[in-house]
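Step one of this worksheet: look at the structure below.
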Amino acid sequence: MSKTKIEEPSRLKAFVDAVQNLEWKQENKIGSFQKVFSAVDNLVFAEVEYYYRLRTNARRSSGFLRCAGILFAVSGGLIPLLAATGHERLTGLSPWGYVLLAIAAGFYGANQMFGGTSGHVRNVTAQLKLEKIMTVSRLKWVATIAGMQDKQMTEDMSKEAFAQIEAYAGQLYDVLDEETTRWSKELLEELKRNSDQLMAKLDKMKSPGQ
């Protein structure tokens, strides 16, 4: 498979090219159906590769942000305790505890904002769904083609083959629609949550005496 970016239209151009100019004479029908199914197969596999790359990147970024958040949070919690020991070299460190805790909160916020953990979960889910659709559809297709061997292709058999391919393509885009809806919902909710928190802090700064 090529490394074409999934959002680029060239993958759809490849699909259109694959299903054009096919021969539909009786002796060519099975081969033509195979080409159409393989063209849809390639679309699905491209999405599987895409979500695999996304889950890998999301796992790495989420792991980094969470580990950094924990490190700064622990450090920020320890500094006031060290300062409380009374050691002359440590007494001035106490304010830095708040700084480190604020940095830790920033890492946690970035993980939420950019969908590090939730994005990884979504991508894994989408990939597994697509893999299941691809595997099950391929098995059904093999059974369909096996049933056509050494037989005269009837109109009903052609309709069944086209319906099976259409259902396969429909399942692909059902998964993509579901994932896109989840992603946009999570993003908008996180943007609203951060906006509300920012406005609350600004209001508090405007009226410090209240």
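The values are calculated or read from the model by the stated rules, or taken from the named source; none is laboratory data. Keep in mind it's a predicted model, so treat the numbers as computed, not measured. All Cβ positions, glycine included, derive from the backbone under ideal geometry; neighbour counts span all protein chains shown.
Descriptive notes on the structure:
- Enumeration of residues in region 18-30 that are surrounded by fewer than 11 Cβ atoms within 10 Å (Cβ to Cβ) and part of a helix (DSSP H, G or I): Q26, E27
- Annotation: of all residues in region 47-81 being crowded, with 16+ Cβ neighbours inside 10 Å and of a type in the set (A, V, I, L, M), the one that is modelled with the lowest pLDDT is A58.
- Within region 88-97, being loosely packed, with under 13 Cβ neighbours inside 10 Å and either among the aliphatic types (A, V, I, L, M) or at pLDDT below 70 (or both) holds for E88, R89, T91, G92.
- A single entry from A126, A102, A84 fulfils the requirement of being among the small types (G, A, S) and at pLDDT below 75: A84.
Residues are listed down the side, and each one gets a yes or a no for (1) touching a Lys or Arg at 6+ places or on another chain (Cβ under 7 Å); (2) farther than 19 Å from Q149 by Cβ; (3) at pLDDT 95 or above; (4) among the polar types (S, T, N, Q):
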position	(1), (2), (3), (4)
A14	no, yes, no, no
Q20	no, yes, no, yes
E23	no, no, no, no
N28	no, no, no, yes
N42	no, yes, no, yes
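- Checking E189 against (1) modelled with pLDDT of 85 or more; (2) of a type outside the set (S, T, Y); (3) exposed (fewer than 15 other Cβ atoms within 10 Å of the Cβ), the condition it does not meet: (1)
- Matching residues in region 140-161 - criterion: being part of a helix (DSSP H, G or I), over 12 Å from F37 (Cα atoms) and out of contact with any helix residue (DSSP H, G or I) (no Cβ under 9 Å at 6 or more places or on another chain): A143, A146, E155, D156, K159
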